[in-house]
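Participant: The structure that follows is given in the form of structure tokens.
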Amino acid sequence: MSWSWTLYRYLARQFLVGFGIVFAAFCFLSFSIDIVGLFNETAGKHVPTAVVVGMTFLQLPDLSFKLLPFAVLLGAVFAFVRLSRSQELIAVRAAGVSAWNILVPPLSVAIALGLVGVVAFTPFSSMLLARYSELEARYLKDQPSQLAVSRNGLWLRQGHFAQQSVIHALRVADQGVRLDDVIIFLYGASDIFAGRIDAQSATLEPGNWSLSNAWVSGADGRPVHHARYDLATTLTPARIQESFASPETMSFWALPGFIQTAQQAGFSASRYKLYFDMLLVLPAMLAAMVFMAASFSLRLARLGGMGRVVLYSALAGFGIYFFSDVTQALGISGILPIPLAAAAPASVAILLGMTLVFHQEDG
């Protein structure tokens with residue numbers, strides 16, 4: 001038993017070393033590519049260099065988290081190939097240790113990495129990505145509108161630097177096209193208060209909000225009633241949906257509350273449900289990557305060397321990534337149930353990897 005634990009610790013350490021090397025390389029490549037892309041995007045916009053570099057660092061944790069399955073896949077390949085080339089795997093197999101026992105330490109470490117990534121790393125990465133999104137909207141997109149949903153209703157800001165309006169509605173219908181119990185605060189340049197509008201409802205039409213039963217008051221506070229009042233806007237239904245923060249800007253712990261609040265406010269939360277379910281199955285996805293790596297790298301001699309192993313593993317990883325994108329699109333569109341869309345890639349990868357390992361072990 002003590003020998004087994006010694007072996008398991010050694011295999012786990014080898015996997016961690018391989019994963020660490022690959023993950024560090026991915027982070028360096030991501031940073032290099034992202035900073036070059038940001039400098040190209042900000043060319044001619046007079047964005048300070050320090051801001052561009054800071055934005056790159058703010059986005060790096062989220063990018064590295066997305067690359068986690070690939071890092072586990074190639075890290076496991078790296079570890080297994082090293083053990084094969086040093087004849088250590090052959091010695092272990094000759095001692096009567098099955099491939100399943102060899103996979104126990106990497107699988108345990110991969111699942112632990114997934115759990116830590118979901119419950120501890122996503123709060124950190126989402127906080128930094130939210131700050132990155134603010135800087136991106138300010139310096140790159142010149143985004144004129146921002147939307148927030150809370151238990152007290154919807155808050156929406158629209159306009160530009162010379163004139164802005166902040167819209168609050170207690171209820172929302174038709175994905176933000178119709179608002180009920182509306183209060184609109186009007187501001188001029190330098191955020192100077194310019195008036196207020198209280199309306200029974202607001203309907204988004206091309207180029208304006210159509211307000212019914214509206215009381216309009218200026219800075220002096222004197223209200224004037226209008227059966228119908230039009231407020232100019234550049235918003236469209238698509239832009240209202242785009243004003244939502246991306247799911248990646250929310251931590252694992254904040255997502256359930258936001259999903260419930262968005263649904264109560266009348267918005268679809270399919271993207272957020274799918275992202276939350278994908279976080280739940282991330283440990284299983286990382287375990288699947290270990291199975292896929294083992295199915296190729298444990299029979300290094302038959303495949304013809306490390307080059308082919310890395311090629312086959314990379315192709316398998318990209319195949320799973322493509323399949324995951326397809327199931328996500330089907331889940332968001334409602335063709336597949338969201339839990340199935342989230343779990344299908346990991347399930348298929350695990351079954352395929354286990355089948356290949358079974359074939360190698362028994363056939």
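Participant: Please determine whether any residue of the stretch 38-56 is part of a helix (DSSP H, G or I), among the basic types (Lys, Arg) and either in contact (Cβ under 8 Å) with a residue 24 or more places away in the chain or farther than 27 Å from residue 295 by Cα (or both). Before the answer, list the steps.
Facilitator: Quick first cut of the stretch 38-56, residues part of a helix (DSSP H, G or I) only: 38-41, 49-56.
If we keep only those that are among the basic types (Lys, Arg) too, we end up with none.
Checked the stretch 38-56: no residue is part of a helix (DSSP H, G or I), among the basic types (Lys, Arg) and either in contact (Cβ under 8 Å) with a residue 24 or more places away in the chain or farther than 27 Å from residue 295 by Cα (or both).
Participant: Then there's this: I'd like the residue in the stretch 250-293 that is among the small types (Gly, Ala, Ser) and farther than 24 Å from residue 177 by Cβ and, out of all such residues, is surrounded by the most Cβ atoms within 10 Å (Cβ to Cβ).
Facilitator: Once the filter is applied, the top-ranked residue is 293.
Participant: Keeping to the stretch 322-347, report how many residues are farther than 12 Å from residue 274 by Cβ and free of Cβ contacts under 8 Å to residues at least 60 places away in the same chain.
Facilitator: Here the count works out to 4.
Residues checked against (1) within 29 Å of residue 74 (Cα to Cα); (2) modelled with pLDDT of 85 or more; (3) of a type outside the set (S, T, N, Q):
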site: 254; (1), (2), (3): no, yes, yes
site: 260; (1), (2), (3): no, no, no
site: 266; (1), (2), (3): no, no, yes
site: 270; (1), (2), (3): no, yes, no
site: 275; (1), (2), (3): yes, yes, yes
site: 279; (1), (2), (3): yes, yes, yes
site: 282; (1), (2), (3): yes, yes, yes
site: 288; (1), (2), (3): yes, yes, yes
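Participant: Taking residue 30 as the residue in question, decide whether it is assigned to a helix (DSSP H, G or I), of a type in the set (S, T, N, Q) and over 17 Å from residue 109 (Cβ atoms).
Facilitator: For residue 30, the condition - assigned to a helix (DSSP H, G or I), of a type in the set (S, T, N, Q) and over 17 Å from residue 109 (Cβ atoms) - is met.
Participant: Out of all the residues in the stretch 128-166, which are modelled with pLDDT under 65 and more than 19 Å from residue 272 (Cα to Cα)?
Facilitator: 142, 143, 144, 145, 160, 161
Participant: Look at residue 45 and say whether it is among the charged types (D, E, K, R) and touching a Phe, Trp or Tyr at 6+ places or on another chain (Cβ under 7 Å).
Facilitator: Yes: the conditions hold for residue 45.
Participant: With the requirement that a residue be part of a strand (DSSP E or B), buried (at least 17 other Cβ atoms within 10 Å of the Cβ) and in contact (Cβ under 8 Å) with a residue 40 or more places away in the chain, what does the stretch 169-208 give you?
Facilitator: Result: 172, 184.
Participant: If you don't mind, there's one more thing I want to ask. Does residue 21 fit the bill of being exposed (fewer than 13 other Cβ atoms within 10 Å of the Cβ), assigned to a helix (DSSP H, G or I) and in the same structural domain as residue 118 (by TED's automatic domain parsing)?
Facilitator: Details: exposed (fewer than 13 other Cβ atoms within 10 Å of the Cβ): no; assigned to a helix (DSSP H, G or I): yes; in the same structural domain as residue 118 (by TED's automatic domain parsing): yes.
The answer is no for residue 21.
Participant: For the stretch 121-135, how many residues are hydroxyl-bearing (Ser, Thr, Tyr) and farther than 15 Å from residue 63 by Cβ? Explain how you work it out, then say what you get.
Facilitator: First pass over the stretch 121-135, keeping only residues hydroxyl-bearing (Ser, Thr, Tyr): 122, 125-126, 132-133.
Adding the requirement that they be farther than 15 Å from residue 63 by Cβ leaves none.
Number of matching residues: 0.
Participant: Under 8 Å by Cβ, and 6 or more places apart or on different chains, what pairs join a residue from the stretch 125-138 that is in contact (Cβ under 8 Å) with a residue 40 or more places away in the chain with one that is of a type in the set (Val, Ile, Thr) and crowded, with 19+ Cβ neighbours inside 10 Å?
Facilitator: Going by the 8 Å Cβ cut-off, the qualifying pairs are 126/249; 129/249; 130/249; 133/249.
The values are calculated or read from the model by the stated rules, or taken from the named source; none is laboratory data. Computed from a predicted structure; not experimentally measured. So basically every Cβ, Gly included, is an ideal-geometry build from the backbone, and we count neighbours across all protein chains shown.
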